[in-house]
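For reference, the structure discussed in these notes is given below.
Every number in this text was worked out from the coordinates using simple rules, so none of it is lab data. A quick note: this is a predicted structure, and the numbers were derived from the prediction, not measured. Glycine also receives a Cβ, built like all others from the backbone with ideal geometry; neighbour counts cover every protein chain displayed.
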Amino acid sequence: MSKFTYNDIVRIRQDCEPTLQRGRAWVVGVIDEREGDYFNKFPPGVVYTIEFEDGSSTEVHEGSLEFDPSQFEEESPAFESGEGPPGL
């Protein structure tokens, strides 16, 4: 089961390699059936295609992503009250 889905707003985790682009991004692809040699560079698990605000995109392993908190601040008053993101 994938951790994220289409249109989730995500960001690269701060503890990930510094060569990965930073900033707010949207999930535009969920690749859970990995076919081809391209995906061998990723550890086992789901790979996501994410698109940044500047229009650039990349594939990222699920372990390198986290939800961007702005997604929940806009959608849920519970998040603002400290109860946490909806559904988590």
Each label sits 7 Å from Cα toward the beta-carbon; between CYS16 and LYS41 the label points are separated, in nm, by 1.4
Could you tell me how far the Cα centroid of the stretch 1-15 sits from the Cα centroid of the stretch 23-37, in Å? 10
How big is the Rg/Rh ratio for the stretch 9-77, C-alpha atoms only, Rh by Kirkwood, two decimals? 0.99
